[in-house]
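Comments concern the structure below.
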Amino acid sequence: MHLDHIYIKGFRNFKEATVNFNKHSLIIGANDVGKTNLIYAMRILLDRGLSDYDYELNDSDFYAYEETNEVIIRIYFTDVIDDCVVARMPGKISDDGKLVLQFKAIRDNKTVDYHFYCGKSDSEEDLGEIDSPFYRKYLNLKYISSKRDFWGFINKSKNLLLNQAKDNREPEIIEADNALYDEISEKLEYVDAKIPELSYVKNATEQLNKELDKLSIHHKEQTIVFDTSTTEIDRVISSVSLASKHEGKNMIIGGEGRINQIYLSLWATQNEVTEFSNEVSIICVEEPEAYLHPHQQRELASYLGKNLKGEVVLTSHSPYIVSEFSPNSIIRLYKEKNESLAASDGCSNVIEEGVDGLGYRMSVIPAEAFFSDYVILVEGPSELLLFKTLAKQLGIELDRLNISILCVEGVDFVTFIKILNAMCIVWSMRTDNDVLKIPKRPEFRLAGIERALKCLIKGCELNSEEKKVVEENVTLLRGFNDPNNIPEENKNAAATIRELLDGYNLQTANVDLETDLLNSPLRKTLIDYYDSDGVLSDEEIVAEMKKHKGLNMYHFLKKKKDQLVSLKDDRIAALLYNAKKYIEKNYGADANPA
């Protein structure tokens, strides 16, 4: 069976949201955006570890930003064909394998009344009230918190491991074990007899018994001694502890990361799903990456997906784990006007459709971007280096503001834009104002402006007036014969379109990055760096700047980065300032924290 989606209304920071799931789903998002609350909503309906007390919601469990006195949590299942569920829920599952579970809590003054429901659909006639979530015995959620009691669980699990191994022995192994068991018992009896002969063991309690005798005559009847009854072999076996062995020597299991891996491996072993399982469990693990380095984080994500055969839901802050997931299986939570929402309603094929046929997977966009609130798209490495360095020189802290700058490695902005839109991540862009010849025709086109306009049309919602502006001017972005002498009519159309683009923070260069920089307040610095003898023309300086662009930009910035502050009022810096303003407006970020 499949956990298809969950509907949440009025619960904590969810005013109203629908979240879709895949078989393996990854929940990501900023701190305090609602990842744990989403999981807890699922737990209310499915976690056997919750009690009746947990269902009596507190005032803080009701959505706080509007008057809310009702919480609804509804989980939808499809493909319900598992015998352990179907046989025990007659009349509750539709003919096409659908099942709906619902929790409703109503607040009246200071009291909270709650009810559980179950049925074939969410219609009133199908969704009937039930006394309790009885189904959790065979349909449940198994949850690993981000705050894991490593050693408590490991010590509890070791006996289960021993008993499982004991039960799985073949008859000949049992016979050999019994013989060895008897041999060990005899040797332990010998040890038990010899230990009291040690003088300090025998005499250590002598003074204690004298003092007890002073307190009461009854103490003479019983003498206090050190217990040496090691002959109870079962107790000895049960007291063994897990340790790490290297070259035949026992070592303490070191490192929180190693312990975390042991914890999750033990947990996976104990919760392995087989065809004979008498329950269906959704496995939920919060922040599995704890204490692990990047390679192990990626491997752990793959391991959990392969070894936990049922449905798996992970939450994570790790871009390394994100990189192991198909974008269609990522649930990105974000906030909008004080409520938490899931981008594209959770797991969605919209991203796959956006890059269909291009051969892209997760590598199309760095995993870091999925955690961003704002992304600036640029063409290549030189723009990436410039904007990151410029931001630092202007005092714009990109990481604190949760802004990413991404290089599209060319001019295929649309692929990135479709993914960012699907994830509800705000974006802006900068591209060169290329003028290119139209193939097989003696005409040219304003390719850079056309490129940005395509991004505008495919990535933004234009109003009717803006659409009219596009229609009236788009044809004039091409069809002229001399790129060095563009007719005024075409120039005016380009200027009109560029103004529209600027309104959406889609910036086209005046020419290209290098030429724009040379014509900016940075001009003197660039001339001093590239033409200290004063013999090069502007065209020759630009040509020098374009040689090995990325490496050239790196060396220039390494020596002259402090001069970038001169660009603070230049159009180039506008993208950074606009991104900063958006974050401050929507997330209340202080530009100059104390």
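Exactly one of these conditions fails for Asn490: (1) open to solvent by 20 Å² or more (accessible area, probe 1.4 Å); (2) among the polar types (S, T, N, Q); (3) assigned to a helix (DSSP H, G or I); (4) over 23 Å from Cys460 (Cβ atoms). Give me its number.
The failed condition is (1).
What are the residues in region 362-392 that are aliphatic (A, V, I, L, M) and either within 30 Å of Ile27 (Cβ to Cβ) or part of a loop (DSSP other than H, G, I, E, B) (or both), if any?
Hits for region 362-392 are Met362, Val364, Ile365, Ala367, Ala369, Val375, Ile376, Leu377, Val378, Leu384, Ala391.
With the requirement that a residue be open to solvent by less than 80 Å² (accessible area, probe 1.4 Å) and among the β-branched types (Val, Ile, Thr), what does region 500-556 give you?
Hits for region 500-556 are Thr508, Val511, Thr515, Thr525, Ile527, Ile541, Val542.
Residues checked against (1) over 30 Å from Asn463 (Cβ atoms); (2) touching a Leu at 6+ places or on another chain (Cβ under 6 Å); (3) at pLDDT 95 or above; (4) β-branched (Val, Ile, Thr):
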site: Glu499; (1), (2), (3), (4): no, no, yes, no
site: Val511; (1), (2), (3), (4): yes, no, yes, yes
site: Asn519; (1), (2), (3), (4): yes, no, yes, no
site: Asp533; (1), (2), (3), (4): yes, no, no, no
site: Ala574; (1), (2), (3), (4): no, no, yes, no
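Would you pick out the residues in region 398-426 that are open to solvent by 10 Å² or more (accessible area, probe 1.4 Å) and assigned to a helix (DSSP H, G or I)?
Leu398, Asp399, Arg400, Val414, Phe416, Lys418, Asn421 - these are the residues of region 398-426 that are open to solvent by 10 Å² or more (accessible area, probe 1.4 Å) and assigned to a helix (DSSP H, G or I).
As an exercise: evaluate Phe444 against (1) over 23 Å from Leu401 (Cβ atoms); (2) aromatic (Phe, Trp, Tyr); (3) within 37 Å of the chain's Cα centre (by Cα) and give the number of the one condition it does not meet.
(3)
Conditions tested, residue by residue: (1) of a type outside the set (A, V, I, L, M, F, W, C); (2) closer than 21 Å to Gly10 by Cβ.
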residue	(1), (2)
Tyr53	yes, yes
Glu56	yes, yes
Asp59	yes, yes
Phe62	no, yes
Arg74	yes, yes
Pro90	yes, no
Lys98	yes, no
Asn109	yes, yes
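Which one is farthest from Ile486 (Cα to Cα) among residues in region 427-448 that are among the basic types (Lys, Arg) and surrounded by fewer than 19 Cβ atoms within 10 Å (Cβ to Cβ)?
Lys440
Would you point out the residue of region 351-404, among those that are over 17 Å from Asn578 (Cβ atoms) and of a type in the set (Asp, Glu), that is modelled with the highest pLDDT?
Looking at residues that are over 17 Å from Asn578 (Cβ atoms) and of a type in the set (Asp, Glu), I get Glu379.
Of the numbered conditions (1) closer than 26 Å to Ala573 by Cβ; (2) in a helix (DSSP H, G or I), Met429 satisfies every one except a single condition; which is it?
Condition (2) is where Met429 drops out.
Regarding Glu466, is this residue within 30 Å of Ser344 (Cα to Cα) and open to solvent by less than 100 Å² (accessible area, probe 1.4 Å)?
Judged against the criteria, Glu466 is a match.
Residue by residue through region 110-138, note down the ones that are among the small types (Gly, Ala, Ser) and loosely packed, with under 10 Cβ neighbours inside 10 Å. Working first, answer last.
The initial filter retains those residues of region 110-138 that are among the small types (Gly, Ala, Ser), namely 119, 121, 123, 128, 132.
Matches in region 110-138: Ser123, Ser132.
Gly395 - would you say it is open to solvent by 10 Å² or more (accessible area, probe 1.4 Å), part of a loop (DSSP other than H, G, I, E, B) and in contact (Cβ under 8 Å) with a residue 12 or more places away in the chain?
yes
So how many residues does region 13-28 have that are modelled with pLDDT under 95 and not in a strand (DSSP E or B)?
Final tally of qualifying residues: 3.
Considering region 313-353 alone, what residues qualify as being open to solvent by less than 10 Å² (accessible area, probe 1.4 Å) and of a type in the set (Ser, Thr, Tyr)?
Thr315, Ser316, Ser318, Ser340 - these are the residues of region 313-353 that are open to solvent by less than 10 Å² (accessible area, probe 1.4 Å) and of a type in the set (Ser, Thr, Tyr).
Just give me the residues in region 38-52 being in contact with a strand residue (DSSP E or B) (Cβ under 7 Å, 6 or more places away or on another chain) and under 15 Å from Val19 (Cβ atoms), in sequence order.
Scanning region 38-52 gives Leu38, Ile39, Ala41, Met42, Arg43, Ile44, Leu45, Leu46.
The values are calculated or read from the model by the stated rules, or taken from the named source; none is laboratory data. Keep in mind the model is a prediction, meaning the values are calculated, not measured. For neighbour counting, all protein chains shown are included, and Cβ atoms are generated from backbone atoms with ideal geometry for every residue, glycine included. Quick note on the areas: whole protein, heavy atoms, side chains included, nothing else; ligands and nucleic acids left out. Shrake-Rupley method; radii C 1.70, N 1.55, O 1.52, S 1.80 Å.
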